[in-house]
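Structure, as structure tokens:
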Amino acid sequence: MMDMFLMNELIDAIKARQQGRELARSVGFSNVDQTRIAFTISELAYQLLESTHRGHMVMKSIHRSWFESGVEVRLYDHSTDMSLINSNWLQHWVDDFEVHYHEARGTTIVFRKWLKSFKGLEKQAGPYVLAAGEE
């Protein structure tokens, strides 16, 4: 599932933050990590609202392996000038992030936060997980 939020007003940033927290909870992040993800979304959304051309944000759950799932957020600053959004602080809050600039499309910031657990495997395997030889 993917959610998209146009950033036109303060309420859009609030809705994005709330949905980001809910997405993090549904993936299985702790309350602390849910708060970190929500804060990161909120901060980027507020900065985007201050941008001249505004933009939009897309978020979704992601899976890297049977054991790792996470949250990915993409922020699109529609300004064709180099973005003034400060993303230097992101490295302390997320597992990986990218910043791309294109003259015609503007700036894209992508961040991911990974949850490393066996919970995802248990959910996908169903209620009957048997060890080898226990069939």
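General remarks:
- Converting phi to 3J(HN,Hα) with the Karplus coefficients 6.51, -1.76 and 1.60 and the offset θ = phi - 60°, segment 41-53 yields 4, 4, 4, 5, 5, 5, 5, 5, 4, 7, 5, 4, 9 Hz in sequence order, with x at every glycine or proline.
- Based on the reciprocal of the average 1/r between different C-alpha atoms, the Kirkwood radius for segment 2-118 equals 14.2 Å.
- Distant-in-sequence amide contacts of MET7, defined by a placed amide H-H separation under 5 Å and a gap of 5 or more residues or a different chain, comprise GLY55, HIS56, MET57.
Here, each number is a calculation from the coordinates, and none is a lab measurement. Treat the numbers as computed from the prediction; the structure is a model and nothing was measured.
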